[in-house]
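Comments concern the structure below.
The values are calculated or read from the model by the stated rules, or taken from the named source; none is laboratory data. Just so you know, these numbers come straight off a predicted model, no measurement behind them. All Cβ positions, even for glycine, are placed from backbone atoms using ideal geometry, and neighbour counts span all protein chains on display.
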Amino acid sequence: MAVSGNFTNCNCGPDVPACANPTEPVATVGLCLTDGTPIAVTVVRDCAGAVTQEGWIDLTTGLYTAGPPPAGTAACDTGCVDTVCVQRCDDTNGDGAADQTYSELWCVRADGTATLVLTYQDDPSVPYSPASPVDCEYGCPATETLPLCDDSGPFLRRYTWLNGTAGFEDFELDGVTAHVVTGTVRTCAGAGSPDTPCEAQTTPAATLGLCLPDGTPIAVLVTRDCAGTVTQDGWLNLTTGAYSTGAPPAGAMACGDSRAFELAGLLCDVDPTTGDVLGLVLVEYEYNVDGSLASVRLVDPATGNTYTLQGELRHCPAGVAEQPERDLVLLCDTAADGTVTTFIRDYARDENGQITGHTDYLLDGTPYTAVGIVGVCSEPETADVESWPLCVVDAATGVTVARVRRETVYDGSGEALTTRLVDAMTGAPYTLPTGTRLGECCETTREAVCVTPLLPTSQRVVSNPGNNTSGRVDPAWTWGMTPAGGRTVYDVAGPAAWTTPRPPGGGWVSLTPSTATTPLPSGAPADYYMVTAFELPDDAVLDATTIKIDTLNADNAVLGYALNGAAETRTNAQATWFNRPPYTETEHRIAGAVRGTNLLAIRVTETTPPSSGGVLLDVTLTYRVPGAPEYWTVEHRDCGTTTYIDPDGNRYQGGLPDGYMACGGGSGGSAAPCGDTETLVLCDTAADGTVTQFLRRLTYDCTGEVATTVDTELDGTTPYTVAGTAGVCSSDAEPCRNTSTLLVCDLPTGGTPTPTVTDTDPNAYVGGPPTVPVPGGAAALWSGGSITIGPDPAPGPHPSGVVRTMAATVQAARPSCDTGTAHVKLSVDVAQLGPTAACGPTGWLMLFNGTTRITHQAPPNNAPIGWTGTLTVEADVPAADLAAGQIAAVLGFDTYDSCDGITAARTSWQLSAFTAETTYDQAGCPTQVLANVVTDCETGAVESVTYTTLDGAPYTPTGTIGQCETAGGGSCCPEQPCPAQNVLEVCRCDDTTGDGSPDKEYIELLAVDCEGNLVSIGTYSPDLSAPYTPVAPVPCEAGGDAEPALGVQAGRVQLAVGDSWSAATTARLQSVTVTAHTGPGQITTSDGTSTLFQGETVTWSTNKEGDALLTGPLTITAVSGIVTVTYTRGVTL
């Protein structure tokens, strides 16, 4: 609505005419905070010109703040008065020499300071981060731009010189658009010719000191032609370095110009009928570049958004800035059907505290209207709260970061009301942080472990050192038809169109002093090997050897490489062609390393010998030797995770990081040493007789000798130094142990490895018309995805049709034991998509070994549109060929055909769900061994398990221990019976004369099995020297010399919290063992009361010969956790 006349406030007094100069808010822009944020300072003056209100607005957020602006506020930076472009050089490969160039754009300000605005190479919109800036002394380019003319007119040629080699690029006169030469290039003609440049060449110029409406400084780029006409090319954001074509955005002006807009002071939106203030408003005036008023906008001072007027715009009444008090109360609305809705009532009060009204909201802030009886909410009755302890675990490391409780609250009826997480210590609500998960609380144990760092040494070998072009003999490489090499290689220049850039300090080599021909046999394609030698010292860790490839290109291509005849690593052959960019591979491990001389053989293929050939190579082999041992901490958690912690506290979950190995063990991530480890509990006896227990951890090497010894305290981590004499801790009694021997098998592993499927050139298997490889290969299919091929147009020179082909090699790691045979199974889903039905045979899935086809399967002839099916091939292959990657899958499908030479059959095919399964035959690989199991006589707990060969020699399992199986698949022997836990001697009597009275004694041996049953082993003479067969067993006469047969009976009690057990309840007590499991207990003896700590075990027994029984007082009580009592007592048999 329109606003006219004098504004009035809410005091409803008589209208008072406004003064001649009414109060007006004025905004001053062009000011910035110390961090560069643009602001507007607003000032309100009364009729006398005195300041009555002052504040400032953040122009980036629209937030208004009362009072003067922060200290340090000043005029905004006016930007750059000039820019300077500086060329720099970078060393990206670490050899100390410059190999890349880049540019720096600097902003020169009015005070003479310079600020780096942008770092880039070719495209200013793409930032560049130099690896290692160096002086541009060697290899940095020099450039010069010359105007030239061709048949189409003038253009610019930019010359670049690098290492004495010149190159150039052609551009239109704008210096950006690429120019294509038409006709003959020449210097432009003299005066009067259309090609004559004007005296002052056209040059782009930058206009500085301009800013966008938000204060961002920019530079406007213009070009003036010979006639003086100015063309605006674009503008550059001097804050980000981003370049944009065309004119800058509307509103751009000189930096610091305050004409952009002004903000009026704080006004009120007033209801003209009631006088209520409906909202606070700022008036924003926006001006054109010429100073004329462009627009007026009402602004919400809290958000900066446009404000919609509801009443009339007036000066705010006195006290309106002081918001009336409001009370928030949680109430409940009970409907007629008993439904209860919880809501918030917001009471409004006037300046005197009187309630003037209220507004109701739901808990999410949505307006609400009560429908029933409003009252105070009653607290629900809860019957129970169940709590479960849980741990908050870092999802990446598995480390527990907090302990919480999951609580479920139930009402009086037993229904669950809510489930919540609370802090286990404080009970406060807990929110699961991002990157964590809930899990069981795992107990953690730690021990020291010896770790050896691996120190690397690299050897780089480049072809043609020094980039010699004279045809000299290359000093580092030889060649041959076998991986042994040995024939001379020559340094050559290589055609200009071949792979560039050359390796730093290297160049092309050829099999002859020129690249014209090769000494390969003519005819069929031929493979040969480029060979170089590396030396590894005697202490090198062989499986830590790595290779890095910076260049691997050849005419025609490089197929793969291997070290010392090990399995070949295949390359992406197409990427190694002689006219492609340098083929690279990041550093990775390579198998086959030996100590001493190592031969690296690179397999190169020449498709049309003896045509021209050349090779460009730059490889680095790195070996590693053990450094000084370090002592790390290994953290075991009972929920299955293992973490290694280095001396600096860095954590590595699951194994050692690359570059480290266990002392005496394998490298990089292999935590297990070559030999076994053993931890002993020993005692350190000082001179004064003090005995201190400690742990000694022995690590054995592959020969069984002790490699390292580490002493720690009983916590397994704190180092311990022996102060006295170390020895075996003494014990009052030797523990009772039983030993049993089981026949088991060491079962082989690795028989079903996951194969590696690598895209390769199908022409090696089914080349020649009408087959045409799928462009770009079929890597997406081999990795589990899908591809669609065809349809194709008529093939032209091959009217018989077009068959699109693709191929992949299949390689699988070979286990340590197999029969020499492996099984390969391939499958792929196929769908015929049309647009026509197929014609005749339509395609195939083939399985190759090398270049020999083994088997294949094809879809049906004349496959109709919509046909789908799965093609499957499988066969047995030599295990060595599968491990070497010689097995291949080859697919081919018609995409154009004509059975009658007239009607075209154009088909497309969707291929998906490719799978490859490999299985090595490991029949006969399991090894039979003996497992020696030592158990505790009393508890039956397994104390140790050791393994030997069938002839008793020590044996270390290499696979998984399990039951042996016969050729038919069943167990090779029946299940082993439970060994006897104890053997008792019982005196018996025999009546040999038949008079009914005992006249001869003998001994019966009774075994106590795992379930406590007595089993007779046999009867023997009293001295157990020979078996004895009783004639007529009779009871031994009471009162005679024969002693009663005695035995020992086992018992066990589990005490819940608050329960007790007393020795007085058990007669003829022999031994007692108590253990506190989940909380402490209490022990009462003749010495008084003591605490049984959680995890502690205490034993009492009649160890000395002649002891009759164990006497009390002895009482065990479970205080706050479960306690078990295990005891034995004497019995008469």
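Right, G565: in contact with a Ser or Thr (Cβ under 9 Å, 6 or more places away or on another chain) and of a type in the set (G, A, S) or not? Here the answer is no, as G565 does not meet what is asked.
Apart from one condition, A807 fits all of (1) in contact with a Lys or Arg (Cβ under 9 Å, 6 or more places away or on another chain); (2) in contact (Cβ under 8 Å) with a residue 60 or more places away in the chain; (3) closer than 30 Å to D897 by Cβ; the exception is (1). N579 passes every criterion in (1) closer than 26 Å to G507 by Cβ; (2) touching a Gly at 6+ places or on another chain (Cβ under 6 Å) apart from (2). As for segment 284-292, it holds no residue that is closer than 24 Å to R45 by Cβ, at pLDDT 75 or above and not charged (D, E, K, R). If you go through segment 563-589 and pick out every residue that is within 30 Å of the chain's Cα centre (by Cα) and under 14 Å from P483 (Cβ atoms), you end up with 3.
Only one of the listed residues (A1038, A1042) is closer than 28 Å to L1109 by Cα, surrounded by 15 or more Cβ atoms within 10 Å (Cβ to Cβ), over 60 Å from the mean Cα position of the chain (by Cα) and at pLDDT below 85. That residue is A1042. Whether any residue in segment 115-125 is in the same structural domain as V283 (by TED's automatic domain parsing), more than 19 Å from C316 (Cα to Cα) and at pLDDT 75 or above is what I want to check. No, because not a single residue in segment 115-125 is in the same structural domain as V283 (by TED's automatic domain parsing), more than 19 Å from C316 (Cα to Cα) and at pLDDT 75 or above. Listed conditions (1) over 21 Å from Y583 (Cα atoms); (2) in a loop (DSSP other than H, G, I, E, B); (3) without any contact (Cβ under 8 Å) to a residue 40 or more places away in the chain are all met by G485, apart from (3). Restricted to segment 826-840, and to residues there that are in a strand (DSSP E or B) and out of contact with any Phe, Trp or Tyr (no Cβ under 9 Å at 6 or more places or on another chain), the residue that is surrounded by the fewest Cβ atoms within 10 Å (Cβ to Cβ) is P835.
Condition check: of a type outside the set (A, V, I, L, M), under 19 Å from V604 (Cβ atoms) and part of a loop (DSSP other than H, G, I, E, B). Does P521 satisfy that? Judged against the criteria, P521 is a match. Only residues that are surrounded by 15 or more Cβ atoms within 10 Å (Cβ to Cβ) and basic (K, R) were counted across segment 401-424, and they come to 2. Residues that are closer than 19 Å to I549 by Cβ and either of a type outside the set (D, E, K, R) or touching a Phe, Trp or Tyr at 6+ places or on another chain (Cβ under 6 Å) (or both) within segment 479-503 comprise W479, P483, G485, V489, G494, W498, T499, T500, P501, P503, listed in sequence order.
Is one or more of the residues making up segment 549-563 assigned by TED's automatic domain parsing to the domain that holds G485, crowded, with 16+ Cβ neighbours inside 10 Å, part of a loop (DSSP other than H, G, I, E, B) and not aromatic (F, W, Y)? Among the residues of segment 549-563, at least one is assigned by TED's automatic domain parsing to the domain that holds G485, crowded, with 16+ Cβ neighbours inside 10 Å, part of a loop (DSSP other than H, G, I, E, B) and not aromatic (F, W, Y), which makes the answer yes.
Restricting attention to segment 761-785, which residues are touching a helix residue (DSSP H, G or I) at 6+ places or on another chain (Cβ under 7 Å) and touching a residue at least 40 places away in the same chain (Cβ under 8 Å)? Listed by number, the list holds a single entry, D761. Considered as a group, the residues in segment 504-548 that are of a type in the set (S, T, N, Q) and within 37 Å of the chain's Cα centre (by Cα) include one that is surrounded by the fewest Cβ atoms within 10 Å (Cβ to Cβ), and that residue is T546. Comparison of A74, A110, A97, A50 shows that the only residue that is at pLDDT below 85, surrounded by 14 or more Cβ atoms within 10 Å (Cβ to Cβ) and not aromatic (F, W, Y) is A97.
Annotation: of all residues in segment 998-1021 being in contact with a Cys (Cβ under 9 Å, 6 or more places away or on another chain) and modelled with pLDDT under 85, the one that is farthest from R1052 (Cα to Cα) is D1009. Per the listing D618, D688, the residue uniquely of a type in the set (D, E, K, R), at pLDDT 85 or above and in the same structural domain as T499 (by TED's automatic domain parsing) is D618. If you filter segment 146-173 down to residues that are loosely packed, with under 13 Cβ neighbours inside 10 Å and under 50 Å from the mean Cα position of the chain (by Cα), you find that the one that is modelled with the highest pLDDT is G167. Within the bounds of segment 327-337, is there any residue that is under 21 Å from C76 (Cβ atoms) and either in contact with a strand residue (DSSP E or B) (Cβ under 9 Å, 6 or more places away or on another chain) or modelled with pLDDT under 75 (or both)? Scanning segment 327-337 turns up no residue that is under 21 Å from C76 (Cβ atoms) and either in contact with a strand residue (DSSP E or B) (Cβ under 9 Å, 6 or more places away or on another chain) or modelled with pLDDT under 75 (or both).
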